[in-house]
Structures are given as structure tokens and as C-alpha cells.
1. Tell me which of Asn337, Pro20, Ala391 sits at the most positive position along the dipole axis of the chain, charges placed on C-beta atoms (Lys, Arg +1; Asp, Glu -1).
2. Sticking with the crude label model, points 7 Å out along Cα→Cβ, report the distance from Asp117 to Lys258 in nm, one decimal please.
3. Could you report the range 245-363's accessible area per residue, 1.4 Å probe, as an integer in Å²?
4. Enter the angle in degrees (range 0 to 90, nearest 10) between the Cα long axis of helix 126-139 and the first principal axis of the Cα atoms of the chain, meaning the one along which they spread out most.
5. Among the lysines, which have Cα under 27 Å from the Cα of Lys376 when same-chain residues fewer than 8 positions away are ignored?
6. Treating only the Cβ atoms of Lys and Arg (+1) and Asp and Glu (-1) as charged, compute the dipole magnitude of the range 7-82 about its Cα centre; round to the nearest 20 debye.
7. Using the charge dipole of the chain (Lys, Arg: +1 at Cβ; Asp, Glu: -1 at Cβ; taken about the Cα centre), state which of Ser229, Ala321, Leu267 has its Cα farthest towards the positive end.
8. Want the number for Val74 to Tyr171: 0.36 nm per residue separation, take away the alpha-carbon distance, what's left?
Amino acid sequence: MNILVINAGSSSLKYQLLNPDTGVLLAKGLCERIGIDGKFTYKPQVDGKKKLDAIDVAMPTHSEAIQAVLNALVDKDNGVIASMKEIDAVGHRVVHGGEAFNKSVLITDEVMKAVEDCIPLAPLHNPANITGIKACQKVMPGVPMVAVFDTAFHQTMPAKAYTYALPYEYYENDKVRRYGFHGTSHKYVAGRAAAMLGKKPEDLKLISCHLGNGSSVTAIDGGKSVDTSMGFTPLAGLPMGTRSGDLDAGILQYLMNKYKMNIDDMLNVLNKKSGVLGVSGVSSDFRDLENAGKEGNDRAALSVDMFNYGVKKLIGSYAAAMGGVDAIIFTAGVGENSKSQRMAIASGLEFMGVKMDEKANDTRGEEAVISAADSKVKVLLIPTNEELMIAKDTASLVK
Ligand code: AMP
């Protein structure tokens, strides 16, 4: 069985063709500058097939982009499948499913309507996801399509975790609540953690740290998300590459009045000019910050310290929330690659049974237990694979 996984943005579209059972990847790539000057990248994972690197392909809309993907996949010289019939289903990443979706679903007209209803909750993302779905439906009629939501995994959170202390009618009338994001990633690594520990997900309390350009930490009790650090939007929680994370809302009034900013200006600062970039003044990329810190740049070092400290505090609070923790998971760009940040975050937690193994932690990008053999709480490095999770969900719905 082959599943085509699509992650559509407003002017870009990432794709992977993979086998959901074996996890074998056949091809992946990217369509960029859709509606502008169209750049197409194709990376077949089969020996002897040639890749295409940002070549010019006319893509006035997402439909031509999907068609370019299909043409490349079935190309007689460099394709990886003989015909479109070898694509059994398409799995679409959809950012926001609101309260309507607590799991992945087969796409029907009603589902499309419900995803459209969620546009006000994710005005930048859901319209692009919908465009991607419609383009696929046009170019691949009759092929089953599945929507996999970033928010769905977190729909198990209890009301005490998702309710904001605002007048309750903002929840009832306007759906203002914590939703959480990165759900596909947290769900995937939680499943892998259970497999690595040889336990059932129901028997585990996990804290999953998805640390990348965007970052979130999730408390997973018995296989279910019970709290997460992102909120109504992905701006909440930890400081990130360029996002502020949580802050005192009073700061908005103070800065907006002082610098005559309107709310769009302010949100632009909070989304694009804040986080570790804002504090360091150097970069949003943690590699640059680590290097700058080593060269004596105090603000770069401070920004990384703030980030690590934020993750450590979340680990402590989620352990308290769950009444314990069996394993802490590190994933995504920083979590998978930065041994120094993993060490900074997980050291000093010996009081709660976390003991790191420096040698075991000296690894990157592959599944590993990085805590000491006698650590009561296991610390795991697990590379995330959202595409595989989407493919698995898609396969289970169409089988
Ligand atoms: P992601 O959003 O998951 O792709 O993660 C991107 C972030 O991971 C960037 O800030 C990268 O600098 C960071 N990253 C990747 N490799 C490393 C590394 N070796 N050490 C520290 N950070 C890294």
C-alpha cells in the first residue's frame, strides 16, 4: 500500500509517498512559489532515479503543483511507481480541527464544511490546507482522502487544562480555549516510546518535548494528551525561534500605546521578531545561537538558557499534573540534535528521578535511551515522523 502525504501551505506544498506499514519512503519533495514562478523539487528514494532540484515548473495554482508531483512519481525514467493506481489514498495535514475533530477522518463534503468552519481559528493555515485538498480531489478523482489534524490529539485534554480564565462566554460563543498543536508529532513519538519501553501506552505517563523552530511540550497520560503548552494559537507556551511564547498581556497595551502600534503590528512583533531571535538579536536558529554563545555573545547564550529553562519548568509542572512521569521524550530539530540542550534541560531533575547518561546522550537523529541505566524516569531521543503518522492514520481509515 502507498500513501501520498500532502502538507499544503499558501504558496508551497510538501509531499511524501510512503508505505504506511513498513515506513519505507519512495519519494519526497516540495513545490514552492505556487502562483508565482513555480519551483519543483523531487527526491526519489529509489536507487538509480534522478532527483530534480528546484526546477522551473508552471504552477499557477495548487492543482498544477499536485499534477507535477504525480507526473514525477509516474515518470517512466525517474518515477517510483508505474501508475497513479499505485497511490491508494492521500493523507492531508490540516492544522486546525477545532472541537469538531478528535481524530483523523475520511474527507467528505461535511468534513470539508467543518474544516472551513475552523478557518477563523487558523486563518493562515486552514485555507491553504483546504486548497491542497481541493486540488488533489480535482487531479485525483476517486482516490480516498483523509484529513489529519494537528489539534486532534489534544482533544482529550480536560476542561481544567483547556479553559482560559476569561469570561466563559468567550469559550461558549467564540470557541476561545487551548487547542494545542504538533499533535501528530506528539502522538507519533508517544507510540514509539511505548514500543521502545515495551509497555502499553495506557500504562505510561509521558512528557513529550517537541523542540524545533516551533516548540511545544505535552503531558500524555495513558496514551492521551492531558495538557500541552501551545494554546488557542501556536504563539503560546515556550519562547520559540521567532515567537514570544507566553507573556503578560499587559505588555501589549504598554508597547502598543508607547510605540503607536496597532494589533497587527504587535502580533507581527510577537510572531516574527521575538523568541530566541528577539532576545539574541543574532538568529532564530539554535545552531547559530550555540556558536554565538560559545564565542562570548551573552544575549545568544541568554536566549538559549531561557528556552531550556522554559522546557525544564514545563517538565516539572506536567510531572506534577500527572502525579509522576515514566519517560521524557526529546524530538524535532533541537530535541533530536542538540545534546547540550537536552543535557541542560534534563540535568538538575535528579530530585524527580531523572538521571542522564552523558555518553548515551552523545548521539543524534536516531532512537536512543539517553538516561542512565538506574534512572527511574527514562529519557528518550525519538526522531519525529509526522508524515509516517499521517500515512498510518490514512491507511487505517481506508483499509
Ligand atoms: P525543526 O523546526 O524541527 O526543523 O527544527 C529546527 C531547529 O532545529 C533549528 O533551530 C535548528 O537550528 C535546530 N537544530 C538542527 N540541528 C541542530 C543541532 N545540531 N544543534 C542544535 N540545534 C539544531
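1. Result: Asn337, furthest along the dipole toward the positive end.
2. 4.3 nm
3. Value returned for the range 245-363: 54 Å² of accessible area per residue.
4. So the helix axis and the longest Cα principal axis differ by about 20 degrees.
5. Straight-line reach from Lys376, under 27 Å: Lys187, Lys199, Lys200, Lys205, Lys224, Lys312, Lys313, Lys339, Lys355, Lys359.
6. The dipole magnitude comes to about 120 debye.
7. Comparing the listed Cα positions along the dipole, Ala321 ranks first.
8. The span from Val74 to Tyr171 would gain 30.1 nm if fully extended.
The values are calculated or read from the model by the stated rules, or taken from the named source; none is laboratory data. Everything numeric here is computed off the predicted structure, so don't read it as measured data. Cβ sites come from the backbone with ideal geometry, for glycine too, and all protein chains shown count toward neighbours. Accessible surface areas use protein heavy atoms only, side chains included; no ligands, DNA or RNA. Shrake-Rupley method; radii C 1.70, N 1.55, O 1.52, S 1.80 Å.
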